[in-house]
Structures are given as C-alpha cells and as structure tokens.
1. Being over 18 Å from H223 (Cα atoms) and either within 16 Å of ligand 1 (Cβ to nearest atom) or touching a residue at least 60 places away in the same chain (Cβ under 8 Å) (or both) is the filter here; which residues of the stretch 14-29 pass it?
2. If I go through the stretch 236-281 residue by residue, how many of them are farther than 22 Å from K2 by Cβ and among the charged types (D, E, K, R)?
3. Which of the strands (runs of 3 or more DSSP E) contained wholly in the stretch 223-281 include at least 1 residues that are among the charged types (D, E, K, R)?
4. If we keep just the residues of the stretch 171-205 that are within 27 Å of I12 (Cα to Cα), buried (at least 24 other Cβ atoms within 10 Å of the Cβ) and more than 15 Å from ligand 1 (Cβ to nearest atom), which is farthest from the chain's Cα centre (by Cα)?
5. Quick check on my filter: what residues within the stretch 82-116 are among the aliphatic types (A, V, I, L, M), in a loop (DSSP other than H, G, I, E, B) and modelled with pLDDT of 95 or more?
6. Taking the stretch 206-235 as the search range and keeping residues that are within 20 Å of L5 (Cβ to Cβ) and small (G, A, S), which one is surrounded by the fewest Cβ atoms within 10 Å (Cβ to Cβ)?
7. What number of residues within the stretch 226-249 satisfy the criterion of being at pLDDT below 95 and of a type in the set (G, A, S)?
Amino acid sequence: MKVTLTGTGSPIPDPHRAGPSTLVQCAGQNILIDCGRGVALRLAAAGVPVPFLSAILVTHLHSDHITDLNDLVTTRWILTPEATPTIIYGPVGMKKVVDAMMAMLTPDQKYRHDHHADLRNGPGMQVVVHEVSPGDEFKIGDARVIVGRTDHRPVTPTIGFRIEAEGKSVVLAGDTVPCSELDDLCRGADIYVQTVLRPDLVELVKQFVPALASRTNDILDYHSSVEDAAKTATRAGVKTLMLTHYVPAMQAGQEADWLALATPHFTGKIVLGSDLTTAEA
Ligand SMILES: [Zn+2]
Ligand SMILES: [Zn+2]
C-alpha cells in the first residue's frame, strides 16, 4: 500500500503546492481522495495518468477539495480510447454538485463531439456518483472502503475513509477536528492522513492582514492542529501519521518546526513535506 500526497496546499494559492488531494495505491487500484487545484499535474508526476484512476473519493464539498474534479472527468474522457465512467464516492450532496458540473461541461462536450467522430460515437463523458454516509462500506476492486463521520461543522455532511487491502489500512480524514468517530475510524491503522493547520502561524496572518482577521479566525475552530492530529494518532494507535493541507503553507526549511509540534504527542513515524511525498505500509 502506497500513499502519495498529490496536493499539500490549501485554498491559499501557493506556487509549490497543489490543492488538497491524496493518492492511495493498493491491490492494483489507484484511488484518489479529494481533487484540489492542480491534481492532474501531480498525478502525471506520480506516474498515474488520469484515465488510470479507479475511483475518486470526496471527503466534503468545500471548493478547495473538489475544484479540479471537472478536469479529471474531462481528461479521462478525451484521453481514453473507450472511456469508462469516472467513479465518484462522496457525501450526500455530491450528486447535485456533479450534475451542475456536468452542465458546465456541456459546451465543451459539444465542441468535441462536433470535431471527433470517435468521441461522438463512443460512450460519452460519463460519471457514476455514489453518495455514501457514515457506516457505509464498499469495494474498489479488492480494496475495502469504510466511511466514517468527521466533524468540520458548520460544513456538513463530512466524511473520512478507511481503505483496507492486502492486510494494510490507511485513513483519509479530510478536514475535521478531533472526535470519537475519527478515533474509531483510525483505530490501529497503518497510516493516518490528516489535514492540519498551525494556529500560531494563522495568528500571524491575522496580524499582517487585519481586514481578513475575522475570516481567518473562523478557520481555527474546524480544523485539526498539528498537535490535535498527533494526539488522535496516539489515541487511535496508528503506526504512521501523515500531515497534509498545511495552513498556512509550510515553507521550505520549516519542516522541523512543524514536526517539533507533533513529536511530543506521538511517538510513531511522522511524514510531512512537499507535494509527492510518499509513505508505504
Ligand atoms: Zn474543508
Ligand atoms: Zn480544506
């Protein structure tokens, strides 16, 4: 089982970090969790062309986590000789968002149909959306996926995924504060991937941009801090903690500072870094 951070950024554009997404490769499957800004570029760098994705799992409908979903759908269609549908699993509300996205893509679909007979006569640009809820389970090939509740209120519903295959497990928590359901989902996992922020640095941002202080302050109460993630990892007894979605963006040379916040609370392996950082179980 291999986990690749295909995007470690956040809504704040950063020249070196794509938006949030994570690639899990196990049991012959390429499973993408969330699809933030620039994900297709990072998939190319990871050696996984978009048409080779088995399924896309979406933790919640915040724009930074789904902004490039349309790129994945279109790219799969136009780069595959006989395109199979893009398979999407997401929270309740996913279908409505995808329906609107497909409506947005209608002009492009017409242009390509008008120009390419093989696309016109093919199966078309297709998506299959499964809305899932906490407690649900499903399979992607031989990989088993368990859905758990997370807490990113007022954003709701939000879900995390536990993927199990070949005797290994990884949890993709998405944006959430610590909660008992997250602990349960993570219990004994080989790898736990958590989106995190640094309240101390967010405080600095507030001082530099006072006009946005109120809005910046709001993000503190619905994300896990680095310390929170480390404590969840310890409570749940995971082996490896992987941090991503750094808010604000982790600058080159700051890795040790971020790590130092986690190590007092978790004695297992901690992985963080640039886009395309990997962990294996
Ligand atoms: Zn979010
Ligand atoms: Zn986010």
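The values are calculated or read from the model by the stated rules, or taken from the named source; none is laboratory data. No experiment lies behind these values; they were computed from the predicted model shown. Backbone-built Cβ (ideal geometry, glycine too); neighbour counts: all protein chains shown.
1. Of the stretch 14-29, the ones over 18 Å from H223 (Cα atoms) are 14-18, 23-29.
D14, H16, R17, A18, V24, C26, A27, G28, Q29 - these are the residues of the stretch 14-29 that are over 18 Å from H223 (Cα atoms) and either within 16 Å of ligand 1 (Cβ to nearest atom) or touching a residue at least 60 places away in the same chain (Cβ under 8 Å) (or both).
2. Residues that pass the stated criteria total 1.
3. 269-271, 278-280
4. Taking the candidates together, the pick is I191.
5. Within the stretch 82-116, V92, L105 qualify.
6. Per the stated criteria, the residue is S225.
7. 1
To keep it simple, each residue is scored yes or no on (1) touching a residue at least 12 places away in the same chain (Cβ under 8 Å); (2) over 30 Å from H223 (Cβ atoms); (3) surrounded by fewer than 23 Cβ atoms within 10 Å (Cβ to Cβ).
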{"site": "I31", "(1), (2), (3)": "yes, no, no"}
{"site": "A45", "(1), (2), (3)": "yes, no, yes"}
{"site": "V48", "(1), (2), (3)": "yes, no, yes"}
{"site": "I78", "(1), (2), (3)": "yes, yes, yes"}
{"site": "M104", "(1), (2), (3)": "yes, no, yes"}
{"site": "P107", "(1), (2), (3)": "no, yes, yes"}
